[in-house]
Amino acid sequence: VSKTTELLDYDLIESIAKKRKPKMLQAGFTAYPRTIDFKRMREIADSVSAYLWVDMAHFAGLVAGGAHPSPMPYADVVTTTSHKTLRGPRGAMILCRKELAKKIDKAVFPGLQGGPHDHTIAGIAVALGEALKPSFKDYAHQVVKNARALAKGLVRGGIRPVSGGTDTHLVLADLTAKNVTGKIAEHALDHAGIYVNKNEIPYDRRKPWDPSGIRLGSPVLTSRRMKEKEMAVVAAALSKVIDNVDDEKVLVEVRKDIFELCSKFPIYD
Ligand SMILES: Cc1ncc(COP(=O)(O)O)c(C=O)c1O
């Protein structure tokens, strides 16, 4: 990504591709909060005669719900997990152009997998059925609205979202200004009932096992029917923890507030 905007720098990607001539270009990442220009990635791949593989594991549910551009028209291969925004059981799917199907099938079985996991396949079918319902569209759009509300709430608490915000379900927060490391934040938040993971930020000066950031996602809270108002409450609670990572009393207080909030939004009716 560009050091200044923290967005993908397609000119740089193109110049590296032209120099290295890869056989395959990959797009779709673990902690990138913005949409990817799949058309541009396709053009770059074509310019060096490379395959384009998009891993949409993170945003597959947003694609299904129409809240994110689809990589389908541009990629040769699209992979996804089924348990992130797609909201299904733990599993995965590989979608590809017809001419690649035989090779990929063979690589999966007998190459990598023994037998089919029928229980997971049935669970994925249910998740895909849910993704076809109109209510899933509302869900996907609310996931993005909630992530944006979360990012705004963090800014109010003096925490910088990487790239200034999000277009997806995730927010990458830079804690440098708070002088708190990702590892310490993750631990304190865990204690306060808020589950995030430590994460590197672009050009991180710290080490991956104790980086400068944390990564947050809105899908689970959205599944509990929380909206922007609740995201503001969560962001304020999170900021309070970051400002008081060593204060046991504050952590216990926030934990109580978070449990109270969650009890108003049960997972099942
Ligand atoms: C981009 C991307 N693809 C695939 C995966 C694999 O997910 P899992 O290990 O949960 O199967 C991850 C994990 O977070 C990911 O970030």
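The values are calculated or read from the model by the stated rules, or taken from the named source; none is laboratory data. Since we're looking at a predicted model, the values are computed, not measured. Quick reminder, even Gly has a Cβ in these numbers, built from the backbone with ideal geometry, and neighbours come from all protein chains shown. Keep in mind that these areas ignore ligands, DNA and RNA; they rest on the heavy atoms of the full protein, side chains included. Shrake-Rupley method; radii C 1.70, N 1.55, O 1.52, S 1.80 Å.
Which links in K183/K240; K18/K102; K178/K249; K229/K256; K19/K39 stretch past 24 Å when you go from one Cα to the other? Could you put the intermediate results ahead of the total?
Details: K183/K240 16 Å; K18/K102 30 Å; K178/K249 20 Å; K229/K256 18 Å; K19/K39 21 Å.
Pairs exceeding the cut-off: K18/K102.
Rolling a 1.4 Å probe over the protein heavy atoms gives segment 10-132 an accessible area of 57 Å² per residue. Between the Cα long axis of helix 38-47 and the first principal axis of the chain there is an angle of about 40°, rounded to the nearest 10.
For K249 and E228, the difference between the fully extended length at 0.36 nm per residue and the C-alpha to C-alpha distance is 4.8 nm.
Split the accessible area of segment 10-132 by element, probe 1.4 Å, and carbon with sulfur accounts for 60%.
If one takes the longest principal axis of the Cα atoms in the chain, at what angle in degrees, from 0 to 90 and to the nearest 10, does the Cα axis of helix 228-243 lie? Approximately 70 degrees, to the nearest ten.
Using a cutoff of 8 angstrom between alpha carbon atoms and counting only pairs six or more residues apart, the relative contact order for the chain works out to 16 percent. So, counting K/R as plus one and D/E as minus one, what does the shell of residues with Cβ under 15 Å around G91 add up to? Result for the local shell: 0.
Taking the chain as the reference, fit the longest principal axis to its C-alpha atoms, fit the long axis of helix 182-191 to the helix C-alpha atoms, and give the angle between the two in degrees, 0 to 90, nearest 10. Result, in degrees: 60. Database remark: amide H of N197 closer than 5 angstrom to the amide H of R215 (H placed geometrically; neighbours at sequence offset of 5 or more, or on other chains; Pro and chain starts carry no H).
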